[in-house]
1. Amide H neighbours of residue 83 under 5 Å, counting only residues 5+ apart in sequence or on other chains, H built in-plane at 1.01 Å?
2. Work the Kirkwood hydrodynamic radius out for the range 242-355: mean of 1/r over every pair of different alpha-carbon atoms, inverted, in Å.
3. What is the Cα coordinate range of the range 183-236 on the first, second and third principal axes, sorted by size from largest, in whole angstrom?
4. Count the lysine pairs in the chain whose Cα atoms lie under 30 Å apart, taking only pairs 8 or more positions apart in sequence or on different chains.
5. With a sphere of radius 13 Å drawn around the Cβ of residue 100, what net charge do the other residues whose Cβ falls strictly inside it have (Lys, Arg +1; Asp, Glu -1)?
6. Add +1 for every Lys or Arg and -1 for every Asp or Glu among the other residues with Cβ under 9 Å from the Cβ of residue 323, and state the total.
7. Take the Cα atoms of the range 1-158, find their three principal axes, and give me the spread along each one in whole Å, biggest first.
8. For helix 232-241, what angle does its Cα long axis make with the longest principal axis of the chain, in degrees from 0 to 90 and rounded to 10?
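The values are calculated or read from the model by the stated rules, or taken from the named source; none is laboratory data. Values in this document were obtained by computation on a predicted structure and should not be read as measured data. In this analysis, Cβ positions are derived from the backbone assuming ideal geometry, glycine residues included, and neighbour counts consider all displayed protein chains. These area figures cover heavy atoms from the full protein model, side chains too; ligands, DNA and RNA do not enter into them. Shrake-Rupley method; radii C 1.70, N 1.55, O 1.52, S 1.80 Å.
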Amino acid sequence: MSAKGSPTGKQPTATYDSAFLKACRREPVPHTPVWFMRQAGRSLPEYRKVREGVPMLESCMRPDLVTEITLQPVRRHGVDAAIYFSDIVVPLKAIGLDLDIKPGVGPVVERPIRTRADLARLRDLTPEDVSYVTEAIGLLTAELGETPLIGFAGAPFTLASYLVEGGPSRNHEHTKALMYGDPQLWADLLDRLADITAAFLRVQIEAGASAVQLFDSWVGALAPADYRRSVMPASSKVFRAVAEYGVPRIHFGVGTGELLGLLGEAGADVVGVDWRVPLDEAARRVGPGRALQGNLDPAVLFAGREAVETKTQEVLDAAAGLEGHVFNLGHGVLPTTDPEALTRLVEYVHTRTAR
């Protein structure tokens, strides 16, 4: 592999020396890079304006909107990386599943997948199914220049949970019933979803994404032994499928303190940490050879400026000995967050960590 890209020769080189990619590679950085999960939207008035009257899934399939929404937080906050604006169910919609994202609820699946016959509905994803992604990333990379674009996808477990439950779930009872009650069907379901997820990430990398993040939002519901046996093989398959490109692979889940080592073991170069585990302790659990991402509690941003800076400094202090650190929140930006608080947070981290 060349020093400036992947063996395919398709990776952008303009972003290679960015602070974000250097931190992901555990190299010295000019300052700790910052980006926020769910930074593209929700809390920004300009986001709400362009989304007015446009359903969520439609907004994910319009390259002009995707481009504008992805760029908004980069312009406003000066973050070190953009995250591609999409939703984890986009590839499932693209292969023809009957689902929608209902305001205030989340993704809802018309016919849940719970039997072997249902697997036939999960066909392969082709680049043609998501041509709007390729178009949008082309537009974005032209605008972003040296700012890296992070592609993303939902991990097999979280996608499976939505499909099996039929929507968001607090206890994942149908999901766990299938996982424990029919382990072979469960394994086959996750394997199919791993193929779909890998194909979706490959499209994004081929189009110009400089890194990818796999969101396993619900996997914190599992015990480590169940994760290793019933989930890790599928997540590992996704990471292996994009390894040839040489782009950093980030893995994030919520409530995954007990799983941090396994999240890295699955194949991540960077492990995302929520706010429940300090980064120095997270580093001990993950072990050497991986960067960490995180992990300010998103709710801290509702406190005053002094409190935000105090808590941010605690995160930076805990990260002081890490091989590589990407500053982020420990989960997504909450919708009612003051955008100015995010802008100030970026400036604070950049100033305090300038080398």
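1. 150
2. 14.5
3. On the principal axes, the range 183-236 reaches 36, 21, 14 Å in Cα extent.
4. 14
5. Local net charge: -1.
6. Summing Lys and Arg as +1 and Asp and Glu as -1 gives +2.
7. Here the spans come out as 51, 41, 25 Å, largest first.
8. 70
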